[in-house]
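Throughout, read-outs are computed from the coordinates displayed, never taken from laboratory work. Keep in mind it's a predicted model, so treat the numbers as computed, not measured. When we count neighbours, we look across all protein chains shown, and the Cβ atoms used for this are built from the backbone with ideal geometry, even at glycine.
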Amino acid sequence: MQDTDAIAPTGRDGGNPPVPTRGQRKQCHARRDAFFACLDANGIESAEKAADGAGCAALRAAMHEVCLESWATYFEKLRMMQIQKARFFGSDGTFVKGQPSSKEAGPDKK
C-alpha cells in the first residue's frame, strides 16, 4: 500500500516541483477552504489583508505551507477575480447598473 501523503517524484528533468498526491491536494483544498471561510466570516476580501487580524493570518500560512506556492497564489488571485466579477455582474451575468466604467473610474474623476 502506497503512502498517499508522500511527495511524488519530480519530473524527468528534476526542475519541476513535485506533483502533489491525492492526499496532498485534499489537504491543500481543505486549508484553502478554511482560510477563505475565515475571510468571508470577517468581511475581508483581500488575502493580503488577512494579516490585519481576525485569526486568518495563521490559516493563510497553513495554506501556503501545504499547497504548492503557485497554487496558493492562484487561489488568492482567483478569489479576488470572483469578488470583482460578483461586484460588477448580477447572478444572471448582466452588468449591474451604477458601477463606474473603467473610463469613469479614473483618479481625476470626483
- Note on the structure: Taking placed amide H atoms and a strict 5 Å upper bound, the residues 5 or more places from residue 89 or on another chain that come that close are 96
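Which order do the peptides 81-89, 21-29 come out in when sorted by mean C-beta neighbours inside 10 angstrom, highest first? Write down the numbers at each step before the final one.
Values: 81-89: 10.9, 21-29: 15.6.
So the order, starting with the most tightly packed, is 21-29, 81-89.
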- To two decimal places, what compactness ratio does region 16-91 give when its Cα radius of gyration is scaled by 2.2 N^0.38 Å? 1.15
